[in-house]
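Please read the structure below before turning to the comments.
The values are calculated or read from the model by the stated rules, or taken from the named source; none is laboratory data. A quick note: this is a predicted structure, and the numbers were derived from the prediction, not measured. Using ideal geometry, Cβ is built from the backbone for each residue, glycine included, and neighbour counts are taken over all protein chains shown. Surface accessibility is based on the protein's heavy atoms, side chains included, excluding ligands, DNA and RNA. Shrake-Rupley method; radii C 1.70, N 1.55, O 1.52, S 1.80 Å.
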Amino acid sequence: MLVVGARPNFMKAGPIWRELRKHKRFQTLIVHTGQHYDKGMSDVFFRDLGLPKPDVYLGVGSASHAVQTARIMEKFEPVCLKERPDLVMVVGDVNSTIACALTAVKLGIKVAHVEAGLRSFDRTMPEEVNRLLTDQISDYLFTTCLDGNKNLIREGIPRNKIFFVGNTMIDTLMRMKGQNERKRGSGEAEKLGYKHKRIRKPYALVTLHRPSNVDNKLIFRGIWKALEAIAKKIPVIFPVHPRTRKMLKANGITLTPPSPLERERIKVRDDGIILIPPLGYLEFMSLMANAALVLTDSGGIQEETTILGIPCLTIRNNTERPITITQGTNRLVGTDPKRIVKEALKFLTPPSPLERERIKVRDGSKRRPELWDGKAAARIVNVLNSKFQITNTK
Ligand code: UD1
């Protein structure tokens, strides 16, 4: 039983579903908790990634952490009791991950955690708590990097439960690359509907949704100021997450819906910040692959920019993905507006050494993280094939 719940789960679970289908031994059910439910946060990803409709939809929706986690558990338990899966597979670090892992383990069902072992060492992050707890109760821990193995061993997880397999999110990126490029090739701006002339120039792409950044007014206003300053130099495209939309509104900044006249999905603000609704997988990848610079507080985007060779400034003080700094294009810039602007400008005055570094990465002369090669899901399924014994009596 493969569990998904929130946007970043879909691209991690997709390749596993595809790989499991190749083996007659496995029958796979997809359970979607409904933690994310907007079309733009969920349905569009199933379409873009070619995933089937979930077999089970729990429809939990949004709530406080306790209520959301509890609701998922309450609704997931009867599904487990009815279907009696031999294995529940959870991915990532969202509330759906820990809720379903905990439900399964208490029913005596084996749990596999994909993307185990990542640590920001910041327990104020809800995801860090989800990661720590999910890893403690999982039977199969699939890691994306060897740092993850080290973290797990340090936390007392037996070595025979840990499998370094690579990154299934990168599997998706590599599989979809051809499709991204087709979109790109036909003039990504037009294709995507971003018809404003400014978009043909280089642009910066921004995503922000971490509670620590957007729910804190002082920090959020600081970051917004930094974006305004950057937007004086280069258009800033900002697909807005629902959580962030609420905070923009609270700060008097509105996201204007598409103009029916122009049939454009964008509104260019005077300050050059282009606010658009959240994008599907292909659209977002296309924008990211063509950006001069990405500014983000997402986890997955740090990894994707590393593979795409696009400079990434992470608007956080820590990262659970240090490999994207040591072997990729990522740089932690914190939340101080002055620092964000200073770091961004380094990329916007070519030909800077950093720009040259970016070109080098694109040329493939820089190392990419080990096993981020598009075959992580195949490794996961190989492990299951060789190690997994059915122990449940049905
Ligand atoms: C969740 C994950 C986070 C992940 C992010 C990706 C947890 C603890 N956090 O954060 O790790 O990086 O997803 O997006 O699981 N909302 C909608 N429509 C939706 C979904 C959410 O309008 O489809 C709104 C709701 O009002 C909700 C808010 O967005 O209150 C936040 O959603 P929630 O799922 O609680 O957390 P995210 O911030 O999305």
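Quick notes
- Average projection area in nm² (convex hull over Cα atoms of region 1-53, one quarter of hull surface): 3.3 nm²
- Cα-based shape type of region 1-98, given that a ≥ b ≥ c are square roots of the gyration tensor eigenvalues and the cut on a/c is 1.5: oblate
- Listed peptides 141-153, 222-234 by packing density, highest first (mean Cβ within 10 Å): 141-153, 222-234
- Two-site FRET efficiency, Lys22 against Arg154, from Cβ-Cβ distance with R₀ of 30 Å, rounded to 0.05: 0.30
- Taken along the Cα-to-beta-carbon direction at a fixed 7 Å, the label points for Lys53 and Leu29 span 1.7 nm.
- Modelled spin labels at Arg123 and Ala63, positioned 7 Å past Cα toward Cβ, are 2.6 nm from each other.
- Residue order for Met73, Met1 - accessible surface, 1.4 angstrom probe, largest first: Met73, Met1
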